[in-house]
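Down below is the structure, laid out as structure tokens.
We did not get these values from a lab; they are worked out from the coordinates using the rules stated. Worth saying up front: this structure is predicted, and the values here are computed from it rather than measured. Virtual Cβ from ideal backbone geometry, glycine too; neighbours counted across all protein chains shown.
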Amino acid sequence: MEASAAGKSCSCRAIEFLESSIGKKIMVALAGLLLCGFLITHLAGNLFLFVGGPAFNRYAEFLESNPLLPLAEGGLVVLFLVHIALSTRARLANMAARPVGYEVYSTKGARTPGSRTMAITGSLVLLFIVVHVATIKYQIGGAKGPDLFAHVTGWFKNPLYAGFYVLALIGVGLHLSHGVQSSFQTLGLNHPRYTPLIKKLGLAFAALIALAFASMPIYFGFFYSGSAK
Ligand code: HEM
């Protein structure tokens with residue numbers, strides 16, 4: 001009886017936490033930082049494209065044959081849903097409370113291009129992910145032993161597709177340029193001594209991720225003339 005009462009009050013507290021504006025911000029920040037971890041590993045894997053077809057295809061086979069892949073994919077979907085749903089709810093609640101001049105992630109100090117465009121760049125990144133994952137599932141879903149290198153480098157031969165990737169990656173960079181440092185502030189890492197460093201590191205991380213990912217559609221779309229296989 002006592003245990004179930006304790007369990008109930010525990011789940012009530014969790015719901016209260018998620019309903020509070022700080023609770024939502026903390027969950028958005030945590031999910032955002034974990035998604036940055038995904039971006040780092042995804043970038044590291046995709047850099048095999050520059051090593052060559054056999055190396056990239058071996059990496060893809062390693063991913064596909066990993067029994068933990070479904071678990072990682074499920075975790076990724078949960079992180080995206082939490083990040084998108086809670087940030088949208090927080091934004092809508094704030095707009096209702098303060099319809100004019102609202103900014104979700106407003107921080108002390110000057111507004112930046114990144115902070116001003118969080119909703120637009122977030123929507124662009126979401127559109128990019130839907131197109132990106134749909135292309136992958138449609139092209140390689142079900143196919144046995146696909147030559148993923150040929151597929152990926154083939155996408156970028158279409159200048160519209162490569163251009164869309166570059167545009168989306170500018171969006172990723174802008175989103176991260178504000179999102180990373182804002183997440184650290186939300187999690188309480190806010191100190192006159194360290195905040196300027198965190199801001200600089202956040203900007204450097206955003207630029208590195210955007211430029212490194214964008215180098216792929218740019219190189220394979222406009223400079224690579226080798227056979228796709
Ligand atoms: C422009 C360079 C990029 C290339 C060449 C690329 C390539 C790929 C490939 C080959 C896959 C399927 C195999 C795998 O899971 O690694 C994949 C999956 C995926 N990519 Fe990318 N990607 C790029 C950028 C991005 C970016 C910037 C994001 C996020 C903002 C992203 C999000 C995803 C997601 C969510 C999946 C599905 C993961 C899964 O279900 O296993 N990708 N990408």
(request) With only alpha-carbon atoms counted, please give the Rg and Dmax of the chain, in Å. (result) 20.3, 71
(message) Which one, 186, 134, 167, projects farthest toward the positive side of the charge dipole computed for the chain from Cβ point charges (K/R +1, D/E -1)?
(response) 186
